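> If you scroll down you'll find the structure; I have some questions about it.
The values are calculated or read from the model by the stated rules, or taken from the named source; none is laboratory data. Here the structure is a predicted model, which means the values were calculated and not measured. Reconstructed Cβ throughout: ideal geometry from the backbone, glycine too, with neighbour counts over all protein chains shown. Just the protein is used for accessible areas: all its heavy atoms, side chains included, with ligands, DNA and RNA removed. Shrake-Rupley method; radii C 1.70, N 1.55, O 1.52, S 1.80 Å.
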Amino acid sequence: QSWSRGMSYCLHSESHLDTGPIYVRENGKLHMVNQGAGGVQNVTPKARPFSLFSRSFSVELCMNREDDRARRQRTDHFIFTYTKEGNLRYSAKSLFSLVLGYISDNVDHIDSLVGFPEQIAEKLFSAAEARQKFTEPVTGLRALQKFTEAYGSLVLCSLCLRNRYLVISEKLEEIKSFRELTCLDLSCCKLGDEHELLEHLTKEALSSVKRLLLKDNSLSDAGLRRMTAPVRVLKKGLENLLVLDLSCNPKITDVGIGYLLSFKKLNCLDISGTGLKDVDAVIKRLQMQIGLVHSKVPLKEFDHSNCKTEGWAEQTVLQWEQAVMEARKPQDNLRSRVAALHFYGKTRRIEEVVKCTLVEPETKASGNLQFYKGNIQNCHLPLKKEVAGSHELKNNKKRALAEQERERTSKQKHLCLTVEDWDLLNTY
């Protein structure tokens, strides 16, 4: 009776809703409640369409939204595609892909990659690079160091930072972590003599550099002395340097060129646009002591077309540059303010960024001072002499070398090992 009273109450109270037929199991049999008569009929239920939920009913799958990484990992386990019929199809990823994604998300926690296969390491680096793990301030540096310590030149063998002084200032520690570079382009960066990156050039990590471009960097003789001190005294540092570009540095004089004579393997040198006083004496000195011949035409080694960023971290350097450009975008909104200041006659305080050009006007005016390592046939010395005159040629060469040596010792005594050199070497 209580069951019938409750059921009738439910039927009468919600009679305005179309709930459909109601089935009740009693004594092992299924009965359908007759809403019209309020009784129960022992009949077999007939299937007829009815709406289980109202039209305003909706379902939402709720997950733990605070843990975005966990939600991303759940969805990353599958690959969603569409068939030709337009149906959604998903397939599970391989175990290798899942493990690769997990390690790349936590790449900064890797202890070491020394001895790890480079084929798998390259895929791991690409996966971490796609997640922009190397652009993070602290963890990115720690992760990048793990790869550079283990793989060296594979991570990056050539680095072009021409006119990217903002990238150098923002990512200096990351740039210093690269090892076994063979080509480094720092042209038009205005680094100066005291910059930390120029001091890093003398370290053992960059002893493999063969091509160094330092055009337009506000260098002077003091900077060249610091950069060449390990080579001159300890025979270390940039001892493998083959190509050196020091053009458009007007503070470099004849004294600074004397420091370059320690680069015995140097094949190409560009000192156009420097502050040389006696150009003829410098040309003869470079020829006699390290065999560099003055070129009458510009050399292709200094056209900056061959220097590119190459290695696993090529896209990483581009990400750094894009991040710097994004940080500078708000400055574009100041153009209206600058126009207003100009209209009211005030001095413009914001100057346009001076871009470096590959061919400077002062270089054209002073002439082309590019040198290359010439063979015996290309030297300015006489090529064919009689056997009787060979001794005279040797004596003339000895006298010329003796005069050059006396001139060097008389005018440039500080090129020898000085107290400043010892203080500089003690820092290594």
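> Go through (1) among the hydrophobic types (A, V, I, L, M, F, W, C); (2) modelled with pLDDT under 95; (3) on the phi < 0 side of the Ramachandran plot for residue 175 and report which single condition fails.
Evaluating residue 175 over (1) among the hydrophobic types (A, V, I, L, M, F, W, C); (2) modelled with pLDDT under 95; (3) on the phi < 0 side of the Ramachandran plot leaves (2) as the failure.
> Name the single residue, out of those in region 204-225 being among the charged types (D, E, K, R) and not in a loop (DSSP other than H, G, I, E, B), that is most open to solvent (accessible area, probe 1.4 Å).
204
> Within region 275-298, how many residues turn out to be open to solvent by 20 Å² or more (accessible area, probe 1.4 Å) and either in contact with a Cys (Cβ under 6 Å, 6 or more places away or on another chain) or of a type in the set (Val, Ile, Thr) (or both)?
Residues flagged as open to solvent by 20 Å² or more (accessible area, probe 1.4 Å) and either in contact with a Cys (Cβ under 6 Å, 6 or more places away or on another chain) or of a type in the set (Val, Ile, Thr) (or both) within region 275-298 amount to 3.
> Here are some residues: 145, 132. Which one is surrounded by 10 or more Cβ atoms within 10 Å (Cβ to Cβ) and in contact (Cβ under 8 Å) with a residue 40 or more places away in the chain?
Unique residue meeting the criteria: 132.
> Now, a different point. Within region 100-115, which residues are open to solvent by 90 Å² or more (accessible area, probe 1.4 Å) and either within 16 Å of residue 313 (Cβ to Cβ) or of a type outside the set (D, E, K, R) (or both)?
102, 109, 114, listed by residue number.
> Any idea which of 123, 171 is of a type in the set (Lys, Arg), out of contact with any Cys (no Cβ under 9 Å at 6 or more places or on another chain) and closer than 30 Å to residue 98 by Cα?
Of the residues listed, the single one that is of a type in the set (Lys, Arg), out of contact with any Cys (no Cβ under 9 Å at 6 or more places or on another chain) and closer than 30 Å to residue 98 by Cα is 123.
> Tell me which residues, restricted to region 78-110, are part of a loop (DSSP other than H, G, I, E, B), in contact (Cβ under 8 Å) with a residue 12 or more places away in the chain and within 25 Å of residue 155 (Cβ to Cβ).
110
> Something else now. Would region 188-203 turn up any residue that is in a helix (DSSP H, G or I), open to solvent by less than 10 Å² (accessible area, probe 1.4 Å) and modelled with pLDDT under 95?
yes
> Tell me, please, whether a residue that is aliphatic (A, V, I, L, M) and within 23 Å of residue 317 (Cα to Cα) can be found in region 116-123.
yes
> Exactly one condition in (1) open to solvent by 90 Å² or more (accessible area, probe 1.4 Å); (2) modelled with pLDDT under 90 is not met by residue 73; state its number.
All conditions pass for residue 73, except number (1).
> Within region 222-270, can you find the residues that are over 28 Å from the mean Cα position of the chain (by Cα) and under 19 Å from residue 188 (Cβ atoms)?
Within region 222-270, 250, 251, 252 qualify.
> Of all residues in region 148-179, which are open to solvent by 40 Å² or more (accessible area, probe 1.4 Å) and among the aliphatic types (A, V, I, L, M)?
154, 166
> So which residues in region 309-327 are in a loop (DSSP other than H, G, I, E, B) and in contact with a strand residue (DSSP E or B) (Cβ under 9 Å, 6 or more places away or on another chain), if there are any at all?
309, 311, 313
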